[in-house]
1. How big is the accessible area of A:D20 in square angstrom, nearest 10, if you roll a 1.4 angstrom probe over the protein chains?
2. I'd like to check one number: the per residue accessible area of the stretch B:1-125, probe 1.4 Å, reported in Å² as a whole number.
3. List the residues, sorted by chain then number, that are 5 or more residues from A:C30 or on another chain and whose placed amide H is less than 5 Å from its amide H.
4. Sum -39500 (n - 2.57) across every DSSP H segment of at least 4 residues in chain B, then divide by the residue count to get the 222 nm mean residue ellipticity, nearest 500.
5. Counting only the heavy atoms of the protein chains, how much of A:K218 is accessible to a 1.4 Å probe, in Å² to the nearest 10?
6. Report the accessible area of B:I31, computed with a 1.4 Å probe over the heavy atoms of all protein chains in place, in Å² rounded to the nearest 10.
7. As an exercise, use a Förster radius of 56 Å and the Cβ-Cβ distance of B:D234 and A:T221 to find the FRET efficiency, rounded to the nearest 0.05.
8. Quick one: buried accessible area between B and A, total over both chains, 1.4 angstrom probe, nearest 100 Å²?
Amino acid sequence: MIRIQGACSVNHQSLFSGLDLTLAEGKWTCLLGSSGVGKSTLLRLLAGLPTGAEFSGVITGAPEHVAYMAQQDLLMPWLNVQENVLLGPRLRGEPGHLERAQALLEQVGLGGFEQRPVSQLSGGQRQRVALARTLMEDRELVLLDEPFGALDARTRSQMQELTADCLYGRTVLLVTHDPAEAARMGESIYLMTAQGVESIPAMQGPPPQAFDKPELLKLQTQLLHRLRGDTLKGSVN
Amino acid sequence: MNRALYALLVTLVLLLSWQSIVWLTGVPRYILPSPQRVLETLWSQRNLITEHALITLLEVVLGLILGVLLGVVTAVTIAYSRLARIWLRPMLLISQALPVFALAPLLTLWFGYGLTSKVMMALLIIFFPVTSALFDGLMRTPTAYIDLAKTMGASRWSLMFRIRFPAALPNLASGIRLAAVYAPIGAVIGEWVGSSQGLGYLMLLANGRVKTDLMFASMLVLAALSVGLYFLIDASLRRMLRY
């Protein structure tokens, strides 16, 4: 279990405070919030990346190394598909891993694309290479920073399914501004607004939820209301 | 195909207007020789011109290779190390305040009348554009690339050579393109200041003897050499770098 508690400020201006977020082992946690609310800062804190913000608090249980996937696929244009999947080992100077890269590419449905230049891939294919590269890192904790934000609706829903499938059993933190995505993927959901972070009951069972479930649509609507800060008459049922 | 046709057409029009100026004004041939006469000289003096052109070409190519190598090493060093940046960058900038042409006599004094002083001249003139183009690229690696590499546990060294350097290669390519244009200038200036070989030398020689046609022929070859070199380098850079 990973737990983050504390407050964060940028130039003495509070970004968020009173944060208490728990990532359950082997589960998907979704952090939902509008742009600029500090979601990515939180994720970068976990990843050990520079945030430009001051954090005072404690992070317990976070592993030293994480796998990280962002909205941009960040494929290196000078490397082909296979070399991109092998980026981590390349950077650490570990040779080999070819068979695993091959297997991962097949797992994400890109078998036979090994030698392609990445410039020839579609947006969805590129994000699948990025997924294979993330899996190559083989980390317990996987941080996803709006990884499907730039994809069209069809590709996005397919990528959600593929990603859930590939990351089964790992601890995942998904940062998103899309209520539908949070509802579909979160086994626990945190809503982050200027007022603070609150936990919201999520759907039962591992992701992805079938996107046409009535309860899912209801949850999605509720999340959007909360995100907008609408005052609700009673509880939404 | 179309572009080649246009280029040919433009050349023809230029040649024609040149020829007609000579016809219409009756300007003496030692002031402005007709294109026909220049082409005749080019052909009759082809051995002499080729001999000197090869020397200039050698100077340019050597200067290019050494200048690019030195530029790359310098750019990587100052991008990698903050200490090197503090010490070397002001020196680089100050060195640019001196016109390289002013150094030509000194280079001739130091490195003699031969090949070396011209290679040094070409090297010096291209060193700065190459260094600054690559350095710019190295300092502008997308932060997201660096973040990703850091989460993967990349060392500073591998961040430089596996991420920042390849990401900056398009910038280096622009620097090399500029260098291809500047290097012949450097070599010819070097030849003007002191030499017994090369197209620059031949031009001065022809000028002094009022063999304006030979001077024009040398200039034509120099221009062809520079343009040819530029297109060769541009085409090979395009082939090598597809991003």
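1. 70
2. Solvent-accessible surface per residue comes out at 66 Å².
3. Close amide H contacts, sequence-distant or interchain: A:L174, A:E187, A:S188, A:I189, A:Y190.
4. -28000 deg cm²/dmol
5. 110
6. B:I31 exposes around 100 Å² with every protein chain in place.
7. 0.45
8. Roughly 1700 Å².
The values are calculated or read from the model by the stated rules, or taken from the named source; none is laboratory data. Keep in mind that this is a model prediction, so the values were computed, not measured. Here Cβ is always computed from backbone atoms with ideal geometry, including for glycine, and neighbour counts include all displayed protein chains. Remember, those area values only see protein heavy atoms, side chains included, never the ligands or the DNA or RNA. Shrake-Rupley method; radii C 1.70, N 1.55, O 1.52, S 1.80 Å.
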